[in-house]
Every structure is written in structure tokens, then in C-alpha cells.
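This report concerns only the one structure given below.
The values are calculated or read from the model by the stated rules, or taken from the named source; none is laboratory data. All of these numbers come straight from a predicted model, not from anything done at the bench. Here Cβ is always computed from backbone atoms with ideal geometry, including for glycine, and neighbour counts include all displayed protein chains.
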Amino acid sequence: MDADRLAIRGRLAERMAQIANKAAKPAQPQPRAPSPAPQPRPEAAAAPRPAPQPERSEAPKAQATPPAAASRSRIESLKEEYQTLLHRLHERVFDAPREQLFFVPTKEPAALSGLTIASPNRAFGHDYRPIPCKVFDWALDQIPEDFSEFTFVDYGAGKGRAMLLAAEHPFAAVAGVEFAAELHDNAQMNIAQYPRSNMRCRNVECVLEDAVQVGPPEGASVHFFFNPVRTRGVRGGSEQSRDGLSDEAAAALSHPSRRRRGGPGRRKRRLARVEPSQVDELKLKLLSPHAVTVYRSLA
């Protein structure tokens, strides 16, 4: 037994000595695994170059408006604004008291396209617009003759405004010519209803007819036009009806003693313009939205 124990102890001591010797020896460094060779970095993708832009041609520089042209443009603009102001002044201030006297209002314009017109000269007519009352008065102020010797004729009478304004003067007679049926009816109603106390001439009549078909009346007469036709070239009729006045109030005085032989309206007459006084001329330039011209027959 003792021998066995001794043998076991001997083997254990031997084993322990081996373990001690192994622990006392420095650990041999383990060979490192070779590190992988560095892989070459893929070159960064080159950024795409921007496509060459077409060369932009420089926009042409706006040419500066010449001072003279800019000044003219400004003057024209001021003229238009002043004309608009004058129209409003006449419509809302000067015309208002007399407009109340008409049975059918005369201040509203009317387009010929919506009216009944049997004349072949329809295309040459202008839309209806009333003449400002003061402008009409200023036109008659330039006629020094005694109105009682004259017949007043309004070519393109419309709703009768100019006719009834003329009837406030002592004309021998007042006549109007209108080719639109609706406007003629309006004029007839206004003639019938106009206050007789305001009429110094009560011999007033409006006919439904094309003015070119109506000859001038016998005797001395005042022919009145307020922009009645668009252009020259109206078919037939007297010379007065073919004049193509544009945005103008015009009166022509005709004297029977100065007519040529051959019948009224058969031959051309020479007309001379009546020059207004300096006061009237200044008043018309400053306060009238329309040109006003008066002519006198010479032969």
C-alpha cells in the first residue's frame, strides 16, 4: 500500500514539475498571419463636366426714348385727359339743367348697329352722340344775323336735342333729318313734350329720311352738322351732306340771294369760314371738347 501511494505521489510530483517548467518558459510569439496586401482604391468617379452652354447673345438694350418723343407723348396724354375732363364737365354740369326738359333722355349714345335704317348709306353713318348744349350755343353765337329770317336744319337730328335747342332761338322754322327709325321716334316725342315756354320757335318738324335725299329749304337757312357721316362718298344728295365732318360742330349759312341759277343744291357753293372773336376763340379752345366751325356761303 505504502509503495503504491509513494508511486502515485512520485508521478504527481513529476507532473507538477513539468507544468511548472512549462509556465516558467517565455511564451514564444505566434507568427502573425500576413496582412492582406492593400487593395488599390478605386479612383473616385470623375464628376461629369457640365455640358458647354451655348453662348447667350446679349439682349439688345432698349433704346432710350428721345426726350422730344417722350415730351410729345406726355403732351398727347395730357390732352386726352383734358378732353375726358371736358366731356364730363359738359355732361354732368352744363347739360344737366336742359337735359331734364327732354321727355326722352338725349344724353345716352346709341349705336347704329341696333337701329332700323333703310338707307343704303347706313355704312357711312356715325353712332348717335348728343352735342353738348353749351357747344351748340357757342356755335350759334358766331352767327350775327337775325335768326327770324332763317330756317334751321339739323342733318342727323338724332333724338332732337339740337333741334329743340335751336327752337329756343327765334328761327322762322326748325327742321331735322334723321334716317334711323328709333331715333326719329325719340325726336318726335321730345318735340311734342318740350316745354312751350322755352320755345321761341314752335314751327318744329323732324322727317324720317336720308339727308342726301333732302334738298335745302327755300330761303335763307342755317345748315347744322354734328359729325353726321363717317367719310366722303355718300351716294347722291347735296354737297352739304357729303362733307364728312369728323368730331366737329359746323354751321353753314346759306343766303338765297347768293345762290347761282339752276335750282337749290344743284351746283357747288363757295364757303368762307367765319372767324370767331378772340374771346370766343379762347373760350372754345379752353372749354369745348369739340371743334366748332361756322361757314358763310359766298355764291
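Residues in the stretch 95-118 that are in contact (Cβ under 8 Å) with a residue 40 or more places away in the chain and touching a strand residue (DSSP E or B) at 6+ places or on another chain (Cβ under 8 Å): ALA110, LEU112, LEU115, THR116, ILE117. In the stretch 124-166, the qualifying residues are those that are touching a Phe, Trp or Tyr at 6+ places or on another chain (Cβ under 8 Å) and assigned to a strand (DSSP E or B), and the one that is nearest to ALA111 (Cα to Cα) is GLY125.
Just to check your reading of the model, which residue among SER257, SER241 is in contact with a helix residue (DSSP H, G or I) (Cβ under 6 Å, 6 or more places away or on another chain) and either assigned to a loop (DSSP other than H, G, I, E, B) or at pLDDT below 55 (or both)? Steps first, please.
Values: SER257 fails: in contact with a helix residue (DSSP H, G or I) (Cβ under 6 Å, 6 or more places away or on another chain).
Matching residue, one of SER257, SER241: SER241.
Please verify whether LYS107 is out of contact with any Phe, Trp or Tyr (no Cβ under 8 Å at 6 or more places or on another chain) and either loosely packed, with under 10 Cβ neighbours inside 10 Å or at pLDDT 95 or above (or both), treating the condition exactly as stated. Talk me through it step by step, then tell me what you get.
Values: out of contact with any Phe, Trp or Tyr (no Cβ under 8 Å at 6 or more places or on another chain): yes; either loosely packed, with under 10 Cβ neighbours inside 10 Å or at pLDDT 95 or above (or both): yes.
So LYS107 passes the test.
Pairing each residue of the stretch 148-175 that is on the phi < 0 side of the Ramachandran plot and crowded, with 24+ Cβ neighbours inside 10 Å with any residue that is part of a loop (DSSP other than H, G, I, E, B) and among the hydroxyl-bearing types (Ser, Thr, Tyr), provided the two are 6+ apart or on different chains, yields C-beta distances under 8 Å for LYS159/THR106; ARG161/THR106; LEU164/TYR194.
Could you run through the stretch 167-195 and say how many residues are in a helix (DSSP H, G or I), touching an Asp or Glu at 6+ places or on another chain (Cβ under 7 Å) and of a type in the set (A, V, I, L, M, F, W, C)? First the steps, then the outcome.
First, the residues of the stretch 167-195 that are in a helix (DSSP H, G or I): 181-193.
If we keep only those that are touching an Asp or Glu at 6+ places or on another chain (Cβ under 7 Å) too, we end up with 184, 187.
Still in the running and of a type in the set (A, V, I, L, M, F, W, C): 187.
Within the stretch 167-195, residues that are in a helix (DSSP H, G or I), touching an Asp or Glu at 6+ places or on another chain (Cβ under 7 Å) and of a type in the set (A, V, I, L, M, F, W, C) number 1.
Of the residues making up the stretch 199-238, those that are surrounded by fewer than 20 Cβ atoms within 10 Å (Cβ to Cβ), of a type in the set (D, E, K, R) and either at pLDDT below 80 or not in a strand (DSSP E or B) (or both) are ARG200, ARG202, GLU209, GLU218, ARG230, ARG232, ARG235.
For residues that are farther than 16 Å from ASN227 by Cβ, in a helix (DSSP H, G or I) and more than 17 Å from the chain's Cα centre (by Cα), tally how many sit in the stretch 75-116. Residues that pass the stated criteria total 12. Every residue in the stretch 170-193 that is under 19 Å from LEU112 (Cβ atoms) and of a type in the set (A, V, I, L, M), please. VAL177, ALA180, ALA181, LEU183, ALA187, listed by residue number.
Total residues in the stretch 119-178 satisfying the condition of being among the aromatic types (Phe, Trp, Tyr) and closer than 18 Å to MET199 by Cβ: the figure is 5.
The residues of the stretch 111-127 that are at pLDDT 95 or above and in contact with a Leu (Cβ under 8 Å, 6 or more places away or on another chain) amount to a single one, LEU115.
Hey, can you tell me all the residues within the stretch 74-94 that are of a type in the set (Asp, Glu) and in contact (Cβ under 8 Å) with a residue 24 or more places away in the chain?
In the first step, residues of the stretch 74-94 are kept if they are of a type in the set (Asp, Glu); the result is 76, 80-81, 91.
The one that is of a type in the set (Asp, Glu) and in contact (Cβ under 8 Å) with a residue 24 or more places away in the chain: GLU91.
Given the structure, is ARG92 at pLDDT 90 or above and exposed (fewer than 13 other Cβ atoms within 10 Å of the Cβ)? First the steps, then the outcome.
Numbers: at pLDDT 90 or above: yes; exposed (fewer than 13 other Cβ atoms within 10 Å of the Cβ): yes.
Here the answer is yes, as ARG92 does meet what is asked.
Among the conditions (1) at pLDDT below 90; (2) within 20 Å of PHE224 (Cα to Cα); (3) among the small types (Gly, Ala, Ser), the only one that GLY156 does not satisfy is (1).
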